[in-house]
Amino acid sequence: QYCRLFLNLTHRFAVNKNILFHLGRYLTMMVQAISRPEKWSMYWKETIRQMNDIGIGSLVIVGLISIFIGAVTAIQFAYQLDGTLVPDYYLGYIVRDISIIELSPMLTCLVLAGKVGSNMAAEIGGMRQKEHIDAMEIMGVNTAAYLITPKLVAAIVVIPLLVTVAAFVSILGGYVASVPTGQIADMEYIRGLRSFFVPFNVFMMYVKSTVFAYILTTVSCYQGYYVQGGSIELGAASTRAVVYSNILILIADYVLAVILTS
């Protein structure tokens, strides 16, 4: 019994030590990443390239997912409201608010964590394995800043725009799924969209999307920046980037919901 207790305590200490090690290394990386760049033009070009990759490259998948999110939400709530005393126009109101407050920022960033985050981890990890990062450091380049800062700036600028598009497309998907099928009249759905609008909900959407963009970018870059080994380790790092980003996004979503609605 005492041996089992000792092993449990040793395991917990090792786990806590490992968490503190990664947290400290992550903070060190971020301090280096936000330092003054050596040449602004290099960072500007890289930031524009990352904006194109993140924004234009993800537009189709974000739009496709969003239109089905809105359509399914409208169908499910129409089913729930059927036979109740709730007015029909509430369907548009529900689809609008749930798309803006929760579904668009969270699901969009979860998808981008899988698409964009894994790509960032693989890109930086490949440079680490091929010793490109070591060569840049020998030449005096702040590799953490050059490889991470443009990605972070691009993500914080572009991902809220993608979330805005996702919210609009989601509301449009709800309209397509409910109005042409006869579940609700055109004017009733539009009346619901115009009812009980709270501008703070849009602010909440942008706060969530900005925080989620920071999380998925920095976590993915961290996994790629410190990868060791060969192709198997690189694949594992890309997987960890997606898994950890998704977990942290869900935790941040709960924390922000508590803070912003209290």
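Data for the structure
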{"quantity": "Unique residue being under 30 Å from SER99 (Cβ atoms), open to solvent by 20 Å² or more (accessible area, probe 1.4 Å) and either out of contact with any Asp or Glu (no Cβ under 7 Å at 6 or more places or on another chain) or free of Cβ contacts under 8 Å to residues at least 40 places away in the same chain (or both) when the list is VAL163, VAL157", "calculated": "VAL157"}
{"quantity": "Per-region count, the range 197-225, residues part of a loop (DSSP other than H, G, I, E, B) and β-branched (Val, Ile, Thr)", "calculated": "1"}
{"quantity": "Candidate set: the range 175-196, residues that are free of Cβ contacts under 8 Å to residues at least 24 places away in the same chain and assigned to a loop (DSSP other than H, G, I, E, B); chosen: the one surrounded by the fewest Cβ atoms within 10 Å (Cβ to Cβ)", "calculated": "GLY182"}
{"quantity": "SER99 being polar (S, T, N, Q), farther than 21 Å from THR217 by Cβ and buried (at least 20 other Cβ atoms within 10 Å of the Cβ)", "calculated": "yes"}
{"quantity": "Residues of the range 13-63 classified as among the β-branched types (Val, Ile, Thr), open to solvent by 50 Å² or more (accessible area, probe 1.4 Å) and either part of a helix (DSSP H, G or I) or in contact with a helix residue (DSSP H, G or I) (Cβ under 6 Å, 6 or more places away or on another chain) (or both), total", "calculated": "8"}
{"quantity": "Sole exception among (1) open to solvent by less than 80 Å² (accessible area, probe 1.4 Å); (2) modelled with pLDDT of 90 or more for PHE203, by number", "calculated": "(1)"}
{"quantity": "Meets criteria (in contact with a Leu (Cβ under 6 Å, 6 or more places away or on another chain), within 14 Å of TYR225 (Cβ to Cβ) and open to solvent by less than 40 Å² (accessible area, probe 1.4 Å)) for GLY117", "calculated": "yes"}
{"quantity": "Which numbered condition VAL141 misses (of (1) outside any helix (DSSP H, G or I); (2) surrounded by fewer than 16 Cβ atoms within 10 Å (Cβ to Cβ))", "calculated": "(2)"}
{"quantity": "Odd one out for ILE75 among (1) under 24 Å from ASP253 (Cα atoms); (2) modelled with pLDDT of 90 or more", "calculated": "(1)"}
{"quantity": "In the range 215-262, the residues that are surrounded by 13 or more Cβ atoms within 10 Å (Cβ to Cβ) and polar (S, T, N, Q)", "calculated": "THR217, THR218, SER220, GLN223, SER238, THR239, SER245, ASN246"}
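The values are calculated or read from the model by the stated rules, or taken from the named source; none is laboratory data. From a predicted model like this one, the values you see are computed outputs, not experimental measurements. Cβ sites come from the backbone with ideal geometry, for glycine too, and all protein chains shown count toward neighbours. Side chains are part of the model used for accessible areas, which takes the heavy atoms of the whole protein and leaves out ligands, DNA and RNA. Shrake-Rupley method; radii C 1.70, N 1.55, O 1.52, S 1.80 Å.
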